[in-house]
Amino acid sequence: MKGIAFHEAKTHGTTSFPYIVYKGDIPQFNNSFPLHWHDETEFIFVTEGCGIITVQSDRYEVSTGDIIVIPPQTVHAIDRKANCAMKYFNILFSLSMLDSADDICHKKFFEPLYRNELTFDFYIENGKDLNKLLVPHITRLIENRRELCQNGELLIKSELFAILHHLIAYAKPNTEYNNMDLSNYDKLKKLLLYVRDHYGEHISVKTAADICAYSESHFMKIFKQMTGQSFTEYLVNFRLNIAANALALSSDRIIDIAYDCGFGNLSYFSRAFLHKYGISPSQYRKNTTLEE
């Protein structure tokens, strides 16, 4: 269970062509993906149902047809919305495959992106003008996701260039981003890695604040600003996600799963699980077993 990746260091696609399309299905494939980040740009396209996607401190309730844009190194998460399933596609690619330092596009478009001088909306709602422009290109990428055949790379690059063209056309000067933001997110990433490796242990607010080199009060304020939730809420939800996966994939006793995931009190675990998933841990295990 400790293989959950916060920083996805693996290459998405191949080294020579860093591009790939994944199919997602919550809760069929997984209940959620906790806060994490990777070096690639990502587009998430919801094809059915509804869910919750968090990008930095912004929390979006997404549904069919919505698009989420996630820039490189941006902390984000995907969660299940109560009583709602969600099917979606993730398109991940490295900007380097489209960029050339000798190209005029590098200076005009890519440099401002790398320097965070431009910003665009993470959430592009179904029916909005930009959404209508992007959907045909995203759809073609999804339809051709298994056909990296002769000249397939040219088709993929052409669609990615078209998407970036529309995004940049709707972009605005970024007046809020600064070096302090970058420093805060670097510290947040360090804390997320610690939680991944120690979620079964007692992790106090003081411990978390020390890892980030903040006072407790400043840490609580900064964490809320950066993620949209308190550290305690994040830690409980992370542990519940691990527990849900264990209930579905193992035959371990519920009490053992609760303790292994950092819940020292079975009653509290059951109440928190019921609040998050709408059913008890035992019923959740029964339902996932039946689905299999």
Failed condition for N131, given (1) assigned to a loop (DSSP other than H, G, I, E, B); (2) more than 30 Å from L235 (Cα to Cα); (3) at pLDDT 85 or above
(1)
When the range 64-101 is examined, which residues are found to be surrounded by fewer than 16 Cβ atoms within 10 Å (Cβ to Cβ) and not in a loop (DSSP other than H, G, I, E, B)?
S96
Condition set open to solvent by 40 Å² or more (accessible area, probe 1.4 Å), part of a helix (DSSP H, G or I) and in contact with a helix residue (DSSP H, G or I) (Cβ under 8 Å, 6 or more places away or on another chain), scope the range 208-223, selection farthest from F273 (Cα to Cα): answer is H218
Here is a check on your reading of the model: is R140 in a loop (DSSP other than H, G, I, E, B), without any contact (Cβ under 8 Å) to a residue 60 or more places away in the chain, open to solvent by 80 Å² or more (accessible area, probe 1.4 Å) and basic (K, R)?
no
When the range 1-41 is checked residue by residue, the ones that are modelled with pLDDT under 80, β-branched (V, I, T) and either under 13 Å from F93 (Cβ atoms) or more than 15 Å from the chain's Cα centre (by Cα) (or both) are T11, T14, T15
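Counting only residues that are open to solvent by 30 Å² or more (accessible area, probe 1.4 Å) and not in a strand (DSSP E or B), how many does the range 17-62 have?
Result for the range 17-62: 7.
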Regarding I257, is this residue under 19 Å from H76 (Cβ atoms), surrounded by 16 or more Cβ atoms within 10 Å (Cβ to Cβ) and either touching a helix residue (DSSP H, G or I) at 6+ places or on another chain (Cβ under 9 Å) or touching a residue at least 60 places away in the same chain (Cβ under 8 Å) (or both)?
no
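The values are calculated or read from the model by the stated rules, or taken from the named source; none is laboratory data. Everything numeric in this text was worked out from a predicted model, so none of it was measured. For neighbour counting, all protein chains shown are included, and Cβ atoms are generated from backbone atoms with ideal geometry for every residue, glycine included. When the accessible area is computed, the model is the full protein with side chains, heavy atoms only, and any ligands, DNA or RNA have been set aside. Shrake-Rupley method; radii C 1.70, N 1.55, O 1.52, S 1.80 Å.
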